[in-house]
Amino acid sequence: MSKPSWKIRRRYIFASFALGVAMIVSAIIAVWQDRLGGDLVTGGVALITLILTSYIFGAAWEDRAQANNEENPDG
């Protein structure tokens with residue numbers, strides 16, 4: 001059985017990552033212009049952290065599940 005393609009998943013992850021970076025950059029610009037941007041920084045960092053955590057956890061989970069299926073021919 002072939003491994004599933006991560007092509008579409010990577011697109012969503014990179015788009016979300018770009019959104020998080022944009023939130024942080026806009027917060028830095030807002031702070032630079034003497035506006036409050038703390039919520040944007042918190043949201044951007046949280047978004048990036050959640051994306052990276054789920055991406056790494058999902059890949060590790062899938063690799064482990066496929067390794068278990070290869071060791072046991074009965075499934």
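The values are calculated or read from the model by the stated rules, or taken from the named source; none is laboratory data. These figures come from a predicted structure and were not determined experimentally. All Cβ positions, even for glycine, are placed from backbone atoms using ideal geometry, and neighbour counts span all protein chains on display.
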Exercise. Would you be able to say whether some residue in region 30-44 is farther than 18 Å from Ile8 by Cβ, under 11 Å from the mean Cα position of the chain (by Cα) and part of a helix (DSSP H, G or I)?
Key: no
Quiz item: Looking at (1) surrounded by 12 or more Cβ atoms within 10 Å (Cβ to Cβ); (2) modelled with pLDDT of 70 or more, which is the one condition that is false for Gly37?
Solution: (2)
